[in-house]
Ligand SMILES: [Ca+2]
Ligand SMILES: [Ca+2]
């Protein structure tokens, strides 16, 4: 372990590897995480590699990412994640995580304060103002950590049910960040998302299926096949983690003022393993001369509403 703190008062970079479960039955995937922090603040931009060793000493290396796609739930929270499916043997696998920081690439970001700022209060009928909300400067929220490298042990997990000649049973992961924008001339939709992989968020899928409907429930797993297909001619598949987009021109779109059109996408790998349909992304069509972007905040309960585009 080598480390070069800026001064003796700077707390060390901590690496905490962990997994989603201790025992796994094939063909379920494992998820590997590593939380990288310094003084309770997340470290972003580090190179993080999981090293998984089976009982025979064979090792598999896997980069972990903090991009908020695939197995990684939140972007830039200092928790780096990836699916792991490279099971070679039954038995125990040991996990280690190697973290490397380089000058200018590793930053420390202050966590968003949960404290509520109160601008003023009333005392004896008079309004008293608090001092203005302190604004964090760029220098305060980012700190260069310099070069460092460390390895942390992350315990072990046990896998059973691995066949002697494993075939590809792992689908591309679900796309969770599909967004749609209505282009300026009304009948073109710009879809964008982060590419999944061949096996969850690792590798490269083979093709996509995109469906559209006025009813988002129709785009769920059970009825996805029977929903209206979007012609994906010309759409190629990027490597896992790459942000990609596709422009779709609707030929016979029945547009009524305020009508919603939903899209969903899924990826399929070269062995015909189908990923789960993505979130449903919504475009709202409202006729007028201008258009306005309505940013919706994604939430679990609000199925699929990510962006609406309104004309008024
Ligand atoms: Ca993360
Ligand atoms: Ca696969």
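Please treat every number below as a calculation from the coordinates, not as lab data. Just so it is clear, the model here is predicted, and its values are computed rather than measured. Every residue, glycine as well, gets a Cβ built from its backbone with ideal geometry; the counts of neighbours run over all protein chains shown.
Assorted remarks:
- Mean projected area in nm² (Cα convex hull; one quarter of hull surface) for the range 196-274: 6.0
- Using the Cβ-Cβ distance between residue 124 and residue 74 with R0 set to 45 Å, the FRET efficiency works out to roughly 0.50.
- Quarter of the Cα convex hull surface for the range 29-96, i.e. its orientation-mean projected area (nm²): 4.7
- Taking each residue as 0.36 nm, the span from residue 232 to residue 272 lengthens on full extension beyond its C-alpha to C-alpha distance by 12.7 nm.
- Efficiency of FRET from Cβ geometry, residue 244 and residue 61, R₀ 30 Å, rounded to 0.05: 0.70
- Rounded D (µm²/s) - the range 16-67, Kirkwood Rh over Cα pairs, Stokes-Einstein at 20 °C, 1.002 mPa s: 167
- Fully extending the segment from residue 144 to residue 217 would add 21.6 nm, taking 0.36 nm per residue of separation and subtracting the current Cα-Cα distance.
- Across all directions, the average projected area of the convex hull around the alpha carbons of the range 210-255 is 4.4 nm².
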